[in-house]
Amino acid sequence: MSVAPRRSLLQAPAIEALIILCFALLLAILAGKAVDHFSGIRLSPLPFAFLHGALAAAIAYWRRMAFWWVPILLLFSPAAALMNTLQLPPTLFLAIFLFLLLLFWSTFRSQVPYYPSGLAVWQAVAALLPQDRPVQAIDIGSGLGGAVMYLSRLRPDSRFVGIELAPLPWLLSHLRARFSRSRGQFVRGDYTLLDFAEFDAIFAYLSPAAMLALWQKARAEMRPGSLLMSYEFIIEDVAPDVVIYPKVGGPALYVWHM
């Protein structure tokens, strides 16, 4: 019973990134020793950190990790070296860590980082919703709640819900809705535990890692005639029924009629 969770943890992208950092550190140490041996030049901490970051980023690219891991791994070691030279108080690092933990709480497990969408996307979603009747729609991974509050203002006849796993974005969206007296509702939780049959439309701005599971759940639970909308990320091998480009030169909004 305990073997499966351990395997899934070791396969998590964050764990893979940590292993890459460690392996790249070993390569950087060997490269630094080689440079010192053959040229007599010893790398100072900052150039060594850039070498470490470049090696880690190259390995992540070779491993075909999600695109955001490449700049993260590239800059992690140099940023740590630069921060160390500033001799900032340890409490500042603790505060930054806690802030990022609350903001990206779900990323480690869900592989879905925070992505804001924007007004043009919300308007495109609004135009796709049925206009002749009230609808129930949900934004999964609702972030700071902009889409839900916009749609609630535009369609007071309908019910719009946002669900967010990360504590800080959920709290901010909940407070925004309370202070602005928005009819939008915000729930802190995991969208995989929802029953998609409750909704006429589902809007998602997730990540490539989440799309296959999203499609499988939507196909199993959503009612005939309902809409699944995904901004930027397509479901591999499942052709969308509608493709819209809300922003000129920007990503597409993909729509599937269930």
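The values are calculated or read from the model by the stated rules, or taken from the named source; none is laboratory data. Keep in mind that this is a model prediction, so the values were computed, not measured. Please note: Cβ atoms are built from the backbone with ideal geometry, for glycine as well, and neighbour counts cover all protein chains shown. Quick note on the areas: whole protein, heavy atoms, side chains included, nothing else; ligands and nucleic acids left out. Shrake-Rupley method; radii C 1.70, N 1.55, O 1.52, S 1.80 Å.
Contact map, region 30-50: residues that are farther than 18 Å from Leu86 by Cβ paired with residues that are of a type in the set (Asp, Glu), Cβ distance under 9 Å, separation 6+ or inter-chain. Pairs shown: Arg42/Asp36; Leu43/Asp36.
All told, Trp170 falls short of being without any contact (Cβ under 8 Å) to a residue 60 or more places away in the chain, closer than 29 Å to Val238 by Cα, surrounded by 14 or more Cβ atoms within 10 Å (Cβ to Cβ) and under 22 Å from the mean Cα position of the chain (by Cα).
For Met1, the conditions (1) in a helix (DSSP H, G or I); (2) among the hydrophobic types (A, V, I, L, M, F, W, C); (3) over 18 Å from Phe76 (Cα atoms); (4) modelled with pLDDT under 85 are fulfilled apart from (1). Does Leu193 satisfy being surrounded by fewer than 22 Cβ atoms within 10 Å (Cβ to Cβ), modelled with pLDDT of 90 or more and over 23 Å from Ala252 (Cα atoms)? Criteria met by Leu193. When Gly162, Gly143 are screened for being modelled with pLDDT under 85 and buried (at least 18 other Cβ atoms within 10 Å of the Cβ), only Gly143 passes.
Within region 133-177, being under 20 Å from Leu227 (Cβ atoms), out of contact with any Pro (no Cβ under 6 Å at 6 or more places or on another chain) and among the polar types (S, T, N, Q) holds for Gln136, Ser142, Ser152. Asp36 passes every criterion in (1) modelled with pLDDT under 85; (2) under 24 Å from the mean Cα position of the chain (by Cα); (3) surrounded by 11 or more Cβ atoms within 10 Å (Cβ to Cβ) apart from (2). For region 93-104, the criterion of being modelled with pLDDT of 85 or more, hydrophobic (A, V, I, L, M, F, W, C), under 29 Å from Gly250 (Cα atoms) and open to solvent by 50 Å² or more (accessible area, probe 1.4 Å) is met by none of the residues.
Of the residues making up region 177-186, one or more are under 14 Å from Asp139 (Cα atoms) and among the polar types (S, T, N, Q). Residues in region 210-226 that are under 22 Å from the mean Cα position of the chain (by Cα) and of a type outside the set (Lys, Arg): Ala210, Met211, Leu212, Ala213, Leu214, Trp215, Gln216, Ala218. Of everything in region 28-48 that's charged (D, E, K, R) and not in a loop (DSSP other than H, G, I, E, B), which residue is nearest to Ser77 (Cα to Cα)? Across region 28-48, the extreme among qualifying residues is Lys33.
In this structure, Ala120 does not qualify as surrounded by 13 or more Cβ atoms within 10 Å (Cβ to Cβ), modelled with pLDDT of 70 or more and within 28 Å of Leu27 (Cβ to Cβ).
Within region 45-56, not a single residue is open to solvent by 100 Å² or more (accessible area, probe 1.4 Å), at pLDDT below 90 and within 21 Å of Pro208 (Cβ to Cβ).
Under 8 Å by Cβ, and 6 or more places apart or on different chains, what pairs join a residue from region 231-249 that is without any contact (Cβ under 8 Å) to a residue 60 or more places away in the chain with one that is part of a loop (DSSP other than H, G, I, E, B) and open to solvent by 40 Å² or more (accessible area, probe 1.4 Å)? Between residues of region 231-249 that are without any contact (Cβ under 8 Å) to a residue 60 or more places away in the chain and residues that are part of a loop (DSSP other than H, G, I, E, B) and open to solvent by 40 Å² or more (accessible area, probe 1.4 Å), the close pairs are Pro240/Ile234; Tyr245/Pro251.
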